[in-house]
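What follows draws every value from the coordinates through simple rules; no lab data is involved. The model shown is predicted, which means the values in this text are computed figures rather than measured ones. Cβ sites come from the backbone with ideal geometry, for glycine too, and all protein chains shown count toward neighbours.
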Amino acid sequence: MSTVKANTWNMRLPDSAIDGLSVIELTTQHVSLLQRFFDCNPEYFMATSGEPAGPNEAADEISSQLPDGMPHTKKWVFGYIDERGELAAMANVITDLMASTVHHIGTFIVATERHGTGDAQKIYRALEQWACGIGGAWMRLGVVTGNVRAERFWRAQGYLDAKQKHGYQMGNRTVVVQVMYKPIQHGSTIEYFDVVPTDRPV
């Protein structure tokens, strides 16, 4: 089992930042809700794994554990619920991944119908504010190279390139993942690579 540090925070959920959306923590009781969202919004999966979400995608998203040797505090899966009771967006965030104060975005999907509205930026900014509020100093994520929409989005949010991970398996595809990071308090590139030396470009 992965090393999970004791959670001493009294954590609240992020704000939705958008009228009409509320934020919940997705658990095993929400698998069908999340799977429906994945099935209705296949663009993320097509851009990363080259195929729509599999039938167990939501269950894996919620229940899968990190590999051994990756210390962290908690894997959160947030759902952004609209007035119909359906998901408008979701985010998977792992707090204190590999180092204290480094929060990793594993998955971030906003419904296709909301693309181009500014909702993704608003949801992300509120997520970043939540991360700051629980003591985060850095945000981190990985983007499949060639996923132009995602690369453009995250760079526009202020993310910087770290190392690339080659031979990464996404569904049936073997891809290159660009690791990216962003200081959300005061910090420099040198400080980040001191905190997470494994992300230093080779």
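Okay, here's what the table says:
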| item | result |
| --- | --- |
| Long pairs among Lys75/Lys182; Lys122/Lys165; Lys122/Lys182, criterion Cα-Cα beyond 22 Å | Lys122/Lys165 |
| Percent RCO, i.e. relative contact order, over the stretch 22-199, from Cα pairs under 8 Å lying at least 6 residues apart | 18 percent |
| Estimated inter-spin distance, Thr27 and Lys74, nm [label 7 Å along Cα→Cβ] | 1.1 nm |
| Sorted by Cβ neighbour density within 10 Å, fewest at the top, the residues Tyr181, Tyr168 | Tyr168, Tyr181 |
| For the stretch 85-202, with +1 on Lys and Arg beta carbons and -1 on Asp and Glu, the positive-most of Asn92, Thr145, Phe108 along the dipole | Thr145 |
| Between the stretch 16-37 and the stretch 120-186, the Cα center-to-center distance that results, in Å | 21 Å |
| Neighbourhood charge, 14 Å Cβ-Cβ cut-off, centred on Gln65 and excluding it, Lys, Arg +1 and Asp, Glu -1 | -1 |
| Check: the chain dipole with +1 on Lys, Arg Cβ and -1 on Asp, Glu Cβ, in debye | 460 debye |
| Fewest-first sequence of Glu113, Glu128 by Cβ atoms within 10 Å of each Cβ | Glu113, Glu128 |
| Length released on extending from Gln164 to Arg12, taking residue separation times 0.36 nm less the Cα-Cα span | 51.4 nm |
| Calculated FRET value between Cys40 and Ile190, using beta carbons and R₀ = 35 Å, to 0.05 | 0.20 |
| Calculated [θ] (222 nm, deg cm²/dmol) that DSSP helices of n ≥ 4 give over the chain, each run adding -39,500 (n - 2.57) | -7500 deg cm²/dmol |
| Listed peptides 34-47, 88-101 by packing density, highest first (mean Cβ within 10 Å) | 88-101, 34-47 |
| Sequence of Val202, Val144, Val110 once ranked by neighbouring C-beta atoms within 10 Å, starting from the fewest | Val202, Val144, Val110 |
| For Asp15, net neighbour charge (Lys/Arg +1, Asp/Glu -1) across residues whose Cβ lies under 10 Å away | +3 |
| Global form of the chain, assessed from the alpha-carbon gyration tensor, a/c cut-off 1.5 | rounded |
| Neighbourhood net charge (12 Å Cβ-Cβ; Lys/Arg +1, Asp/Glu -1) for Ala89 | -2 |
